[in-house]
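Asker: Here's a structure for you.
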Amino acid sequence: MNYLIIASIGLLGALIKGSTGFGFSMTALPLLVFQFAVKTAVPIITIWSLTTSLIIILQKKTFTVNRENYKIIYWGALGTIIGTILLAHAEERFLTLVVAFIFACLTILSLAGVQFKMKHRKMATIRTGLLSGILAGSITISGPPITLFLNALKISKEEFREIFAQFDLFTSTVAMIGFSISGLVTLRIVSLAVIFIPMIYLGTFIGKRINRLIPQPAFSTLNLLLSLASCLLLIYRLL
């Protein structure tokens, strides 16, 4: 186990999330799976992601989220419970391949600029919340479905960051409870996650400032390309 590599992965993921408001898991998990088994990496990433969301929320002095948009969080919590059950009972190698494949597909869709067309707001909220929650509970990723949903609503950048941070905070908390009940959270895992929290804070802090200096499309594209390369390399190693 290389602590420098783990610290770099956490820093990179926090840097991305601090800049864009999301993307921590898509960046960090494929890389961390090279160091740990999926069922170890997922709880660690969840703790780190929970930390970054908490930092983002605490930095806000006022909140502007529309009450209607909070409904996606409630459905996300339900989906997260389902996701943690899937993680606890899935076979390790199969789960790793599924994680890499899903990440690769979602990354390609994001790079292609796929847009979500919404006909019925209520049903779209339920589907998006459940799907994002299941992904958050099983492989720590909830970003792409929510991103497509919120972009379709054409909400402001600030509200986007707030909704995503609060969704992640809520679902990560539910996921950690589920992981604990399933026996996936051990003292070793918590210790590993906590050791690198200062690095997570540093990455979030720097990312917020990078947001003002680097064009967002270029930064996001670089993040997606890195995620895609990691996923394809992981698939190649396992096949």
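Asker: If you take the square roots of the eigenvalues of the alpha-carbon gyration tensor of region 1-47 and sort them as a ≥ b ≥ c, do you get rounded (a/c under 1.5), prolate (a/b over b/c) or oblate? Walk me through the numbers on the way to the answer.
Answerer: Numbers: a/c = 2.36, a/b = 1.48, b/c = 1.60.
Oblate is the answer for region 1-47, as a/c is 1.5 or above yet b/c matches or exceeds a/b.
Asker: Heads up, I need the accessible area for LYS71: 1.4 angstrom probe, whole protein in place, Å², nearest 10.
Answerer: Number for this one is 90 Å².
Asker: Quick one: how many Å² of MET123 are accessible to a 1.4 Å probe, rounded to 10?
Answerer: 90
Asker: While we're on this one: Given the protein chains as shown and a 1.4 Å probe, how many square angstrom of ARG209 are accessible, to the nearest 10?
Answerer: It works out to around 90 Å².
Asker: Please arrange GLU162, GLU91 by accessible surface area, largest first, computed with a 1.4 Å probe and ligands excluded. Could you put the intermediate results ahead of the total?
Answerer: Working: GLU162 10, GLU91 110 Å².
Ranked from most to least accessible, the order is GLU91, GLU162.
Asker: From the cross-link list LYS154/LYS208; LYS17/LYS122; LYS39/LYS122; LYS71/LYS208, which pairs have alpha carbons spaced over 30 Å apart? Don't skip to the end; give the middle numbers.
Answerer: Details: LYS154/LYS208 22 Å; LYS17/LYS122 28 Å; LYS39/LYS122 34 Å; LYS71/LYS208 27 Å.
Table pairs above 30 Å Cα-Cα are LYS39/LYS122.
The values are calculated or read from the model by the stated rules, or taken from the named source; none is laboratory data. The structure displayed is predicted, hence computed values, not measured ones. Surface accessibility is based on the protein's heavy atoms, side chains included, excluding ligands, DNA and RNA. Shrake-Rupley method; radii C 1.70, N 1.55, O 1.52, S 1.80 Å.
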